[in-house]
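All remarks here apply to the structure that follows.
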Amino acid sequence: MASKIVSVDAGSPACLAGAQAGETLLKIDDIAIRDVLDYKFYSYDAKLTLQLLAADGKTLREVPVRKREGEPLGLNFEHYLMDGMKRCSNKCVFCFIDQLPKGMRETLYVKDDDARMSFLMGNYISLTNLSEADVDRILRMHISPVNVSVQTTNPELRVKMLQNKRAGEALKIMDRFAEGGITMNCQLVVCKGLNDGEELLRSLRDLRALYPAVNTISVVPFGMTDHREGLYPLEPTTAESAAAVLDIVEPFAAQCLREIGTRLVWCGDELYLKAGRPLPDTEYYEDFTQFENGIGMMPLFMEEFRLALPDYEGRTARPFTIATGAAAAPSLALLLDEAAAKCDNLRGQVVEIRNDFFGHRVSVAGLITGQDLIAQLAGRELGERVLISANMLRDGGDVFLDDYTPRQVSDALGVPLVPVEIDGADLLAKIFED
C-alpha cells in the first residue's frame, strides 16, 4: 500500500536527496513498500533508490539516496503503520477493554492485534489474525522479538478463553517462529478456574520446551472492573488465588534457574501484593525484560529511591501529597517514612485513591481518573502540590482516562499536579524540587 509523505526531516538523507512532502513513496530499490515494516527493513542499506509519485498523482521519479547503513531516511507518513491497523478478532473472556464503562473517548475502545505493533511498540498479540503471508514475512525479515499473549497452551482451552476458533491452531505459529530463530516474550493472564492450577503448570512446561526462542514469560492476574454486564462470569483474583499462582510459578522458576540458567518466568507485582507477600529484590528479575508488563516495577522503583536518598539527607521540602492506587500506597508510604528519617522536617503524605470509576478491585495507579482524584482529595490539606504517577495520563501528559485534564484537576484542588515518572529517583527529585 503506497503511503503519502507528510513531512521530511530537515537535514535527513531523504531531504538531502530531494524527497518532498506531498509525494508518495511507492518503492525502494524496485521493491513495493506496503507498510512500516517494509519501509524500515528495505531502507536499511547505505545506497538506495526511492520511487516517488508526485502530488499530482501522475509524475513518477526515482531519487538516489546515500546515507550511513541503518540511518533513518527521515520520511514521515500520514499514518505510523503506513496502512490500516489490524484489529483484534478475539472476544477474550478477560478483555479489559470490554469492561470499560460507556461514554469514554472512542480511541480507548480500539483493540489492536497487529504483529507490527508487537515488534515496534512492544504490544502483545494473540497470533490469531496472522495470515500465512504475515508469518512468512516475519520469518523472512527475522522480525524479532514478538510479544505473544499465550494465556494457555491447551488448544481447546485457548479457543474457549479467546472465543476464537483459530486460537488453538494459532499456537502452532510459535513452533514455526522457534524453528526460524524468532525470539518470543510470552504473557499468561491468569483467570481463576480457567487457566490456573494444573493448566498453568502445563502452559509453563510447554513454553519452557520452546526455550531459548521463548525468552521470557510473565504471569499476571486479569483486571476486573465493575462493568462486566453480559460478559463471561469470571471470579476476581483473591489473596488465596494469587498465593496459589505464586506457589506454582516460583518453584518452576527456581527449577529453570538451576537447569537452564534463567528463571524464565516471573509473576506480576500485583500478585505479590494481592497475596500479601513481600516483593522479590531486583536481582530476582534478571534483565527486567517484561518491566512494562508490571514485572518487577515496584522493586526497581524502591531500589532507585533508596539509592538516590543519600543525596537528599538533611534537605527540606515544600509540603506535598502523593496520590496513588491501593496497590502502590503501602510501598510508597514505607519509602516516605524512610525519607522522613533522613531529611529535615519532611512534610508529606501518601493518600490511597479508591477507584470508583472502574471499581474498587482495580488498584493500580495507572487507571486512576481525574474525577476520582478530585472527589477524594478536595477539601483535604494537600500541602503545596500533589504528586501523581505519570502513567495516569495519556502519552503527552495532556489528559486522564476520563478526559479530565491535569489543569482541571489542579484548579479543582487548588494546588499544582506534578507527574512523576516510574522511577524512584524521579520521585525524590520532584519531592525536593524548588
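The values are calculated or read from the model by the stated rules, or taken from the named source; none is laboratory data. Bear in mind the structure is a predicted one, so any value in this text is a computation, not a measurement. Note that each Cβ is placed from the backbone with ideal geometry, even for glycine, and that neighbours are counted across all protein chains shown. Keep in mind that these areas ignore ligands, DNA and RNA; they rest on the heavy atoms of the full protein, side chains included. Shrake-Rupley method; radii C 1.70, N 1.55, O 1.52, S 1.80 Å.
For region 44-75, give me each residue that is among the β-branched types (V, I, T) and either open to solvent by 40 Å² or more (accessible area, probe 1.4 Å) or within 30 Å of R166 (Cα to Cα) (or both).
If the condition is that a residue be among the β-branched types (V, I, T) and either open to solvent by 40 Å² or more (accessible area, probe 1.4 Å) or within 30 Å of R166 (Cα to Cα) (or both), then T49, T59 are the ones that fit.
List pairs: first in region 282-306 and outside any helix (DSSP H, G or I), second crowded, with 20+ Cβ neighbours inside 10 Å and of a type in the set (D, E), Cβ under 6 Å, 6+ apart or cross-chain?
Hits for this filter: G294/D269.
Return the only residue of G396, G348, G383, G379 being free of Cβ contacts under 8 Å to residues at least 12 places away in the same chain and more than 23 Å from F96 (Cβ to Cβ).
Answer to the check: G379.
Test P330 against the stated conditions and say whether it is surrounded by fewer than 16 Cβ atoms within 10 Å (Cβ to Cβ) and in a helix (DSSP H, G or I).
yes
Among (1) touching a residue at least 40 places away in the same chain (Cβ under 8 Å); (2) surrounded by fewer than 20 Cβ atoms within 10 Å (Cβ to Cβ), there is one condition L257 misses while meeting the rest; what is its number?
Looking at each condition in turn, L257 falls short on (1).
Out of all the residues in region 180-190, is one or more of a type outside the set (G, A, S), touching a His at 6+ places or on another chain (Cβ under 9 Å) and at pLDDT 95 or above?
The answer is yes, given that some residue of region 180-190 is of a type outside the set (G, A, S), touching a His at 6+ places or on another chain (Cβ under 9 Å) and at pLDDT 95 or above.
Please go through region 144-187 and pick out each residue that is over 20 Å from the mean Cα position of the chain (by Cα), among the small types (G, A, S) and part of a loop (DSSP other than H, G, I, E, B).
Matches in region 144-187: A167, G168, G180, G181.
Considering region 18-51 alone, what residues qualify as being in contact with a Leu (Cβ under 7 Å, 6 or more places away or on another chain), more than 28 Å from I138 (Cβ to Cβ) and touching a residue at least 40 places away in the same chain (Cβ under 8 Å)?
Across region 18-51, the qualifying residue is only A19.
Would you check if G383 is surrounded by 15 or more Cβ atoms within 10 Å (Cβ to Cβ), more than 26 Å from the chain's Cα centre (by Cα) and small (G, A, S)?
Considered against the rule, which asks whether it is surrounded by 15 or more Cβ atoms within 10 Å (Cβ to Cβ), more than 26 Å from the chain's Cα centre (by Cα) and small (G, A, S), G383 comes out as yes.
Answer yes or no: is there a residue in region 393-409 that is open to solvent by 30 Å² or more (accessible area, probe 1.4 Å), charged (D, E, K, R) and over 30 Å from Y109 (Cβ atoms).
no
Which residues, taken from region 307-326, are surrounded by 15 or more Cβ atoms within 10 Å (Cβ to Cβ) and either of a type outside the set (G, A, S) or free of Cβ contacts under 8 Å to residues at least 40 places away in the same chain (or both)?
Hits for region 307-326 are L309, Y312, R315, P319, F320, T321, I322, T324, A326.
Can you tell me which residue among E23, E78 is over 30 Å from Q151 (Cβ atoms), surrounded by fewer than 19 Cβ atoms within 10 Å (Cβ to Cβ) and not aromatic (F, W, Y)?
Answer to the check: E78.
Limited to region 371-380, what total is found for residues that are open to solvent by 30 Å² or more (accessible area, probe 1.4 Å) and under 17 Å from D356 (Cα atoms)?
Total satisfying the criteria: 4.
Would you check if N195 is touching a residue at least 24 places away in the same chain (Cβ under 8 Å), more than 19 Å from Q255 (Cα to Cα) and surrounded by 15 or more Cβ atoms within 10 Å (Cβ to Cβ)?
So N195 passes the test.
If L37 passes every condition in (1) crowded, with 19+ Cβ neighbours inside 10 Å; (2) touching a Ser or Thr at 6+ places or on another chain (Cβ under 7 Å) but one, which one does it miss?
Unmet condition: (2).
Enumerate the pairs (first residue in region 162-189 and over 18 Å from R205 (Cβ atoms) and of a type in the set (V, I, T); second residue anywhere and assigned to a helix (DSSP H, G or I) and open to solvent by 20 Å² or more (accessible area, probe 1.4 Å)) with beta-carbon separation below 9 Å, excluding pairs fewer than 6 apart on the same chain, so at least 6 apart or on different chains.
If the second residue must be assigned to a helix (DSSP H, G or I) and open to solvent by 20 Å² or more (accessible area, probe 1.4 Å), the pairs left are I182/L139; I182/R176.
So how many residues does region 55-79 have that are at pLDDT below 90 and either among the aliphatic types (A, V, I, L, M) or closer than 21 Å to R34 by Cβ (or both)?
Qualifying residue count for the region: 5.
Evaluate the following for L300: is it modelled with pLDDT of 95 or more, in contact with a helix residue (DSSP H, G or I) (Cβ under 7 Å, 6 or more places away or on another chain), hydrophobic (A, V, I, L, M, F, W, C) and open to solvent by 10 Å² or more (accessible area, probe 1.4 Å)?
It is true that L300 is modelled with pLDDT of 95 or more, in contact with a helix residue (DSSP H, G or I) (Cβ under 7 Å, 6 or more places away or on another chain), hydrophobic (A, V, I, L, M, F, W, C) and open to solvent by 10 Å² or more (accessible area, probe 1.4 Å).
Considering only region 165-174, I want to know if a residue exists there that is open to solvent by 30 Å² or more (accessible area, probe 1.4 Å), out of contact with any helix residue (DSSP H, G or I) (no Cβ under 8 Å at 6 or more places or on another chain) and of a type outside the set (D, E, K, R).
no
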